[in-house]
Amino acid sequence: MLTEKDLNYIAKTCQAQLFQAHNVVEMLIEGNTVPFISRYRKERTGDLDELKVQQVKESYDYLKELNERKETVLNTIESQGKLTDELKKKIEETYSKTELEDIYLPYKPKRRTKATIAKEKGLEPLALSLLDPAVIEPLEALAAPFVSEEKQVNSIEEALEGAGHIIAEIFSENAGLRKLIREEVAEKGLLVVSVTKEFEKERTKFEQYYDFKESVKTIPSHRILAIRRGETEKVLKNHIDMDKELVQNKFRHTLFDNSHPRCQYLDEVLTDALSRLLLPSIEQDIQSEMKKRADEEAIRVFALNIENLLLSAPAGNLRVIGADPGFRTGCKLVVLDETGKLLDTATIFPTKPQEDIAGATKTVKALIEKYKIQAVVIGNGTASRETHHFFKGVVPEGVIVTVTNESGASVYSASAAGREEFPDKDVTVRGSVSIGRRFQDPLAELVKIEPKSIGVGQYQHDVNQPLLKAKLDHVVTSVVNRVGVELNTASYHLLKYVSGIGPTLAKNIVEYRNDHGMFNRRDELNNVRMFGARAFQQSAGFFRLRNGENTLDSTGIHPESYFIVENMCEKMGVNVPRLVRNKELLSKIKPTDFVTENFGVPTIQDILKELENPGRDPREDFDLFEFEEGVENLEDLQEGQVLKGVVTNVTRFGAFVDIGVHQDGLVHVSELSHNFVTNAEEVVSVGDKVKVKVLSVDLNLKRIQLSIKALQDPPKKSDYKNKKDHKKQAHKEPVPQKNKTEDLLESLKRKWGAK
């Protein structure tokens, strides 16, 4: 159970009020999900947004783990008969896992050390006497009685050495001293990196770190992970450099002072303790803390990239050809209907080495005519630009030809999800299907792929994997519930991310649909096997029924609040369909008139927003994008070129941009804007369409340096009201006048009912 101090800690950590922390924790214990709490319990949370609710959950989870560890530590020390009231209080009051382990260190079961060997020789009483400032006898006089041939202590020197090992261990286990030194190293230590002998004369991607130093305090996460990757690949080695003499002089007083009768001896012991025990242990702690910090930052950036990618605009219900291009093996085509159903497949060879242009043209035209194709979607891998050029030359006017990011398509094609969906098709067909579908609805397709395989993060295989999985699962869940899920068409892979559902109920929903046909009402979910009241409460508001019996089932209004809408209709003298989208009537409704014991103004305001725009999709409208013609390979790039591109990855140090040459270019953070930018995410997001200028090209290392700010005039202070306005304006390509293709796209989307 959490104490009031624990709740205060959560509130302080999350910058929330105590009642907010208390209520969120209470709801989490009751089994409510983060999306449900943040969306449908605003009165209890004090209108906390989803990010804050998630922070409270993470702090609560941290405290549960910490309290379990405290219980173990207390029980272990108590079993040794060494638990004092003062020690118990110190353990109970700490909120740091590191500090807890420091306190526990003297009582922790140990392997055999120099100190334990000395204790076995009976030297512990000597060590305690040497430490005691009240004992004034000389060293030799104190040590002489402990010389024993039987105990293998053959001289006074050996007795003093053994006692020194015991004292060194006592020093090294002093929690207060460890904390002070750890803070000193974290503040003033230097991470020193060098190249290993094997790679001294080799050029590698790590060459900037061959002779490198940076403050432990300020080194950014991406450099920490790069250095660790270099270590893993045996190219680099590193250590933390700290002035041992400075540390010793600064913190000696915490153990003994100059008036101690054996000050010189203890000083020598402290030197040994620092070199042999304290600093190596603390360096390991600091390295672990740096890794943890780097992991958390990398995972945070990765999660943000995934979120932006999942929120990519859907093209909608268009009939498409999905194309996975290739040279030797040809271009694999699939035909998908408006719902993503596979209708047909083909393979063409429009590029080298075969260059069967005539045969490829005949096949493509036949498929377009037969299936009334509205768009051709090409993966951005090998032979992408060449294939795009071919299609542009053969498709009829009005058929869209575009390129989409295919990251993760190959993972899906070889996955259990791909095999389950298309057991009789090979991996190339499954990959092409994934490419075509992610154009129609990126979210619905990308949820089938393990998030870390989508390719919008750095060092994702180097970071803490359980933490990465938990964070990415949360992001996917958040996006899915923010967008909402069509109950009658959603795949199992999408359904399992709905609040309160999970894999088992997702399968049961699909099974119910297969056996009983389409759902007509949300409350039919209660007929699904194992679907209880809690599952319905947590999930119902996130499902959409576009053509159901109840108009409100197509909105984000929770069924528990339908009575409020009915009360509104009664007061306005209309039925529900008449009230929906009726801005004039809705504007006359006062939220305060419909407040109940459980639902306050925030919920009523949300209901009115949903009635005005039912089932609104938070994703942006689809925008057609094409790369520059004639720039297809690295060799085509020249310094000074201005190109169109799509942001594929955002890191702390910059943004990677696909400019259509099979190798993403880097816009360093210093080249994003004339304004100072701390993090690239302040200015760009994954999926942004941008214009960039080529600064340099390294063909050997396949590196492209790009700039966005080179295309901007230096802004005046008055140009941007705030950073958010700056992000909106700093990099976006000016919206061009609509061309015929875009006009056609809009008409197609209207025709097929797409967003």
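The values are calculated or read from the model by the stated rules, or taken from the named source; none is laboratory data. In this text, all values refer to a predicted model and were calculated from it rather than measured experimentally. Virtual Cβ from ideal backbone geometry, glycine too; neighbours counted across all protein chains shown.
Find the helices (runs of 4 or more DSSP H) located wholly in region 108-155 whose residues include 2 or more that are within 58 Å of the chain's Cα centre (by Cα) and over 30 Å from residue 71 (Cβ atoms), and list them.
On the way: elements: 114-120, 124-131, 139-143.
Ranges flagged: 114-120, 124-131.
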Which one is surrounded by the most Cβ atoms within 10 Å (Cβ to Cβ) among residues in region 669-688 that are assigned to a loop (DSSP other than H, G, I, E, B) and free of Cβ contacts under 8 Å to residues at least 24 places away in the same chain? 677
Filtered residue count, region 652-669, keeping only those that are out of contact with any Phe, Trp or Tyr (no Cβ under 9 Å at 6 or more places or on another chain), within 20 Å of residue 225 (Cβ to Cβ) and not aliphatic (A, V, I, L, M): 4
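Name the residue that is nearest to residue 507 (Cα to Cα), counting only residues in region 407-427 that are at pLDDT 90 or above and under 23 Å from the mean Cα position of the chain (by Cα). Give the steps one after another, and end with the answer.
Narrowing region 407-427 to residues at pLDDT 90 or above: 411-427.
Among the residues that remain, those that are also under 23 Å from the mean Cα position of the chain (by Cα) are: 411-412, 415, 417.
Numbers: 411: 22, 412: 19, 415: 18, 417: 13 Å.
For region 407-427, the residue satisfying everything is 417.
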Could you list all residues from region 561-587 that are free of Cβ contacts under 8 Å to residues at least 24 places away in the same chain and assigned to a helix (DSSP H, G or I)? 562, 563, 566, 569, 570, 571, 572, 578, 584, 585
Here are some residues: 526, 520, 508. Which one is more than 21 Å from residue 609 (Cα to Cα), modelled with pLDDT of 95 or more and not in a helix (DSSP H, G or I)? 520
Scope region 263-284; condition over 22 Å from residue 132 (Cβ atoms), polar (S, T, N, Q) and surrounded by 14 or more Cβ atoms within 10 Å (Cβ to Cβ); matching residues: 281
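Condition (residue is part of a loop (DSSP other than H, G, I, E, B), touching a Ser or Thr at 6+ places or on another chain (Cβ under 9 Å) and without any contact (Cβ under 8 Å) to a residue 60 or more places away in the chain) applied to region 239-258: is it met by at least one residue? Explain how you work it out, then say what you get.
First, the residues of region 239-258 that are part of a loop (DSSP other than H, G, I, E, B): 242-243, 255-258.
If we keep only those that are touching a Ser or Thr at 6+ places or on another chain (Cβ under 9 Å) too, we end up with none.
Within region 239-258, not a single residue is part of a loop (DSSP other than H, G, I, E, B), touching a Ser or Thr at 6+ places or on another chain (Cβ under 9 Å) and without any contact (Cβ under 8 Å) to a residue 60 or more places away in the chain.
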Residue 193 passes all but one of (1) in a helix (DSSP H, G or I); (2) surrounded by 16 or more Cβ atoms within 10 Å (Cβ to Cβ); which number fails? (1)
Going through region 87-125 in order, the residues found to be touching a residue at least 40 places away in the same chain (Cβ under 8 Å), buried (at least 17 other Cβ atoms within 10 Å of the Cβ) and aliphatic (A, V, I, L, M) are 103, 115, 118, 123
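Kindly indicate the residue of region 529-557 that is of a type in the set (Phe, Trp, Tyr) and outside any loop (DSSP other than H, G, I, E, B) and also nearest to residue 482 (Cα to Cα) among those meeting that condition.
542
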Please enumerate the residues belonging to region 342-360 that are out of contact with any Pro (no Cβ under 8 Å at 6 or more places or on another chain) and either of a type in the set (Val, Ile, Thr) or in a loop (DSSP other than H, G, I, E, B) (or both). 345, 347, 348, 349, 350, 352, 353, 354, 355
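When you go through 399, 394 one by one, which is the residue that is more than 25 Å from residue 460 (Cα to Cα) and either assigned by TED's automatic domain parsing to the domain that holds residue 687 or in contact with a helix residue (DSSP H, G or I) (Cβ under 6 Å, 6 or more places away or on another chain) (or both)? Working first, answer last.
On the way: 399 fails: either assigned by TED's automatic domain parsing to the domain that holds residue 687 or in contact with a helix residue (DSSP H, G or I) (Cβ under 6 Å, 6 or more places away or on another chain) (or both).
Exactly one of 399, 394 is more than 25 Å from residue 460 (Cα to Cα) and either assigned by TED's automatic domain parsing to the domain that holds residue 687 or in contact with a helix residue (DSSP H, G or I) (Cβ under 6 Å, 6 or more places away or on another chain) (or both), namely 394.
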Sole miss for residue 329 among (1) within 21 Å of residue 386 (Cα to Cα); (2) of a type in the set (Val, Ile, Thr); (3) not in a loop (DSSP other than H, G, I, E, B) is condition (3)
So, of the residues in region 130-166 that are crowded, with 17+ Cβ neighbours inside 10 Å and among the small types (Gly, Ala, Ser), which turns out to be nearest to residue 267 (Cα to Cα)? 164
